[in-house]
1. Taking the condition surrounded by 22 or more Cβ atoms within 10 Å (Cβ to Cβ), out of contact with any helix residue (DSSP H, G or I) (no Cβ under 7 Å at 6 or more places or on another chain), more than 10 Å from chain B (Cβ to nearest Cβ) and modelled with pLDDT of 95 or more, does residue A:96 pass?
2. Report yes if residue B:314 is open to solvent by 50 Å² or more (accessible area, probe 1.4 Å) and not in a helix (DSSP H, G or I), otherwise no.
3. Can you name every residue in region A:97-116 that is more than 20 Å from the chain's Cα centre (by Cα) and part of a helix (DSSP H, G or I)?
4. So if I check each of A:114, A:26, which one is without any contact (Cβ under 8 Å) to a residue 40 or more places away in the chain, of a type outside the set (Gly, Ala, Ser), away from chain B (no Cβ under 11 Å) and under 23 Å from residue A:204 (Cβ atoms)?
5. Please name all residue pairs, on different chains or six or more residues apart, with Cβ atoms under 9 Å, provided the first residue is in region B:208-224 and is more than 7 Å from chain A (Cβ to nearest Cβ) and assigned to a helix (DSSP H, G or I) and the second residue is open to solvent by 30 Å² or more (accessible area, probe 1.4 Å) and among the small types (Gly, Ala, Ser).
6. Condition (residue is more than 16 Å from residue A:27 (Cβ to Cβ), out of contact with any helix residue (DSSP H, G or I) (no Cβ under 7 Å at 6 or more places or on another chain) and in a helix (DSSP H, G or I)) applied to region A:211-221: is it met by at least one residue?
7. Could you go through region A:115-123 and let me know if any residue there is surrounded by fewer than 23 Cβ atoms within 10 Å (Cβ to Cβ) and among the aliphatic types (A, V, I, L, M).
8. Could you please find all residues in region A:73-88 being open to solvent by 40 Å² or more (accessible area, probe 1.4 Å) and outside any helix (DSSP H, G or I)?
Amino acid sequence: MPPLLAVEDFYAGYGPIEVLKGISIEVQPGEIVALIGSNGAGKTSTLMGISGCLRPSRGRVLWQGREIQGLPAHEIVCRGICHAPEGRKIFPRLTVLENLQMGAFSRRDTKQIERDLQRSFELFPVLAQRRGQAGGTLSGGEQQMLAVARALMGRPTLLLLDEPSLGLAPLIVVKIFEVVRQLNREGMAVLLVEQAARMALKLAHRGYVMEIGRITMTDRAEALLTDKRVQDAYLGE
Amino acid sequence: MTSLSFLAAADASGLWETLGQYTLIGLTNGMLFALIALGYTMVYGIIELINFAHGDVFMLGSFLALAMINVMTGRDWDWSDPQMLWLGIGLLLLVVPLFCAALNVTIDRVVYKPLRRAPKLAPLVSAIGVSFVLMNVGLLWGGAADRHFPDLISRQNLLGDDAAIGFTAKDLMVVAITVPIMAALTVFVKATRLGKAMRATAQDPVAAQLMGINIDRVIALTFALGGALAGAAAVVYGLYINTVSYQMGFQNGLYAFTAAVLGGIGNIPGAVLGGLVIGLARAFGSGYVGERWTSALVFVILIAILVFRPAGLLGARTREKV
């Protein structure tokens, strides 16, 4: 059986600046994979490349064995890859409810969407309280919860999660990670980009370490947590 | 001047009657401006382009309406029969907006779309170019002189022949067509799936794509809607003003664009409000100050409002949370 997602020798950049220099990553069905590395290593660009926002200059992205690189972003979503992007990208003048509805834009199953909406409100009760409020008026933590909930509204087979902990209170991060773990138990695969490497590796099954556009190390998450080089560079012992 | 002219307020003698009359004229004309302004504001909202060709799409729409009326009259369409009259207007309001929508979408497809990733100035200058091209198409089609547009709707005062204020069947026609269109647009944008997708795309195109929204299709839809509104405005304008010319797109487009900026460009209720403000300013200006000062007055108001509210009356105050 092919992996759920396979990124193979992926090169991409912005104009003349190449930021991804031959990335290869795999995600198996039902797996949580963490992508760690310092600022500017190309973690966000990797996710953008998978979701179709950044075109490769070389290399392939295989989804369940089929090439998807070069497809427009909106078609990739329809295949079951949902992306909660860096900086949250909440629609500021749509209400919380409308933001969530947009998350389900690629779906037509009205009844199931309604159930998923209720589920989002159960997972993040604060969003239920704020449902009529404009997305731009939420606090940073609330916006992050909305970004995750919105991505989940697409019923992803694979969730791409970019820096969910950035700038948030530890309690909120714990809450978001809890939700991710719970949905993973129900079968959703996750590719998680995080600077908070320790937390990410504790959540993940496997991890990749990224440095200036290349993958430099990959292993089971526990192994990376105890690796001396990883500890020195990213875990701040 | 071939832009909106004003019905004589001859029988409005008293101070209040005059004021009422000017207000009525201002609001009626303002609704027409608003209908055109919506096309500017919706396109700007979604791709941050000022579509200077929009006014000329409106002009070509009025030429098509005139051509249709001439053909229909030639085939013995009886405009004096009320039933045939409204059926005829209904037909114009179906065909002309479709034509303008198709034209607007084609312009986007052929001229603006290839420039989507270019610096903002490139599509802007192209829009001015398209405006000139369409204006010359109009010149070729209808000649340089003002063209008479048949006066199909009665000027009879609905408030009675002796009333101090004139509100004619024609005025009513403007209100009866523009208001439902604006209401329908509001419902569409607020409450439908596609309307929400349109607002989402306007607010964050990248995030909209990540939701599975095909933003190219949303942009085409926006041009279609804006064009259709210009088409409806073209029909109403012809029937109301009774003179069309190849230059009317430029003049009315300028006022409508000003209305859009005044209300807060990109903001739909803002365009309507801006249209009404400009309609009123022009009515009061020509009534109390003198016709030739109206343009100056309109732009003084625009400048004054932008000094105090740079984003326009209802413009979005951008404040992003980190």
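The values are calculated or read from the model by the stated rules, or taken from the named source; none is laboratory data. Here the structure is a predicted model, which is why all the values come from computation and not from measurement. Please note: Cβ atoms are built from the backbone with ideal geometry, for glycine as well, and neighbour counts cover all protein chains shown. Keep in mind that these areas ignore ligands, DNA and RNA; they rest on the heavy atoms of the full protein, side chains included. Shrake-Rupley method; radii C 1.70, N 1.55, O 1.52, S 1.80 Å.
1. Details: surrounded by 22 or more Cβ atoms within 10 Å (Cβ to Cβ): yes; out of contact with any helix residue (DSSP H, G or I) (no Cβ under 7 Å at 6 or more places or on another chain): no; more than 10 Å from chain B (Cβ to nearest Cβ): yes; modelled with pLDDT of 95 or more: yes.
Criteria not met by residue A:96.
2. Details: open to solvent by 50 Å² or more (accessible area, probe 1.4 Å): yes; not in a helix (DSSP H, G or I): yes.
Here the answer is yes, as residue B:314 does meet what is asked.
3. Result: A:97, A:98, A:110, A:111, A:112, A:113, A:114, A:115.
4. A:26
5. B:208/B:202; B:218/B:202; B:222/B:202; B:224/B:102
6. No, the conditions are met nowhere in region A:211-221.
7. Yes, there is a match, as at least one residue in region A:115-123 is surrounded by fewer than 23 Cβ atoms within 10 Å (Cβ to Cβ) and among the aliphatic types (A, V, I, L, M).
8. Passing the criteria: A:79, A:86, A:87.
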